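Asks: Pasting a structure here, questions to come.
Rule-based calculations on the coordinates, nothing more; no lab input. A quick note: this is a predicted structure, and the numbers were derived from the prediction, not measured. Cβ placement follows ideal geometry from the backbone for every residue including glycine, while neighbour counts extend to all protein chains displayed.
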Amino acid sequence: KQWYQRRVRDTTPRRPFEKERLDSELKLIGEFGLRNKREVWRVKYTLAKIRKAARELLTLEDKDPRRLFEGNAILRRLVRIGVLDENRMKLDYVLGLKTEDFLER
């Protein structure tokens with residue numbers, strides 16, 4: 001029996017043999033020199049979580065304290081790891097991020 005809690009780092013695709021997705025993943029692996037598909041899935045999963053949080057915050061009002069605090073935290077984190085530029089620090093730009101942006105940094 002496992003006594004530790006499993007941490008979710010990536011999710012496998014819902015459709016395992018979708019030609020378009022397989023080709024795009026293979027292209028990403030070749031372009032950025034990744035080891036396997038799981039590394040692509042991991043980046044996609046983290047990006048999905050960040051975009052989901054940004055979407056949720058954008059539904060709140062502009063002056064909402066939670067939106068201000070958590071939105072700034074997300075933006076600062078993305079700028080610190082080099083995904084967003086300093087002049088693009090808005091939640092709208094977070095929604096426009098792609099997997100390539102994360103892999104390029």
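Asks: Rg/Rh for the range 25-66 to two decimals, with Rh computed the Kirkwood way over all alpha-carbon pairs.
Replies: Radius of gyration over Kirkwood radius for the range 25-66 works out to 1.27.
Asks: Shifting gears a bit: Sort 21-30, 57-66, 5-14 by the packing proxy (mean of other Cβ within 10 Å over each peptide's residues), most packed first.
Replies: 21-30, 57-66, 5-14
Asks: Sticking with this one: Before rounding to the nearest 500, sum -39500 (n - 2.57) across all DSSP H runs of length at least 4 in the chain and divide by the residue total; then give [θ] at 222 nm in deg cm²/dmol.
Replies: Rounded to the nearest 500, it is -19000 deg cm²/dmol.
Asks: I've got another one for you. Looking at the P(r) of the range 19-90, how many percent of alpha-carbon pairs lie beyond 14 Å?
Replies: Cα-Cα pairs of the range 19-90 separated by over 14 Å account for 69 percent.
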